[in-house]
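Below is one structure, written out as structure tokens; the observations come after it.
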Amino acid sequence: MRNLTYKILLTKEPEGAHTATVPALPGCITYGDNSDHAISMAKEAIEVYIERLQEKGESIPDDSETLEYSLNLTTN
């Protein structure tokens, strides 16, 4: 068994819920009532996504070699 790493992007929606997106797994998007719930839902979605890839015999991507940087810009 190998360890897999995934980045989860959380976006707060206007009504207060959160959308969770997993960039390494195209189409892996879920929602939660708050950030903790969204992260929990993302974990489940990732597990199901990986199961489907394994059933199809496809390779399983992860973010272990991906670097992340947040850039803040100030504009006039």
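Derivation of every value follows stated rules applied to the coordinates shown; laboratory data play no part. Predicted model, so just to flag it, every value in this text is computed and none were measured. Quick reminder, even Gly has a Cβ in these numbers, built from the backbone with ideal geometry, and neighbours come from all protein chains shown.
Rounded to the nearest Hz, the phi-derived 3J(HN,Hα) couplings of segment 11-27 under the Karplus curve 6.51 cos²θ - 1.76 cosθ + 1.60 (θ = phi - 60°) are 10, 6, 8, x, 7, x, 6, 10, 9, 10, 10, 10, x, 6, 10, x, x, where x marks glycine and proline.
With a cut-off of 14 Å between beta carbons, the residues surrounding Ala38 carry a summed charge of -2, where Lys and Arg count +1 and Asp and Glu -1.
Ignoring aspartates and glutamates fewer than eight residues from Lys12 along the same chain, the ones with Cα atoms less than 17 angstrom from its Cα are Asp33, Asp36.
Using the Stokes-Einstein relation with a Kirkwood hydrodynamic radius computed over Cα pairs, the translational diffusion coefficient of the chain at 20 °C and a viscosity of 1.002 mPa s comes to 156 µm²/s.
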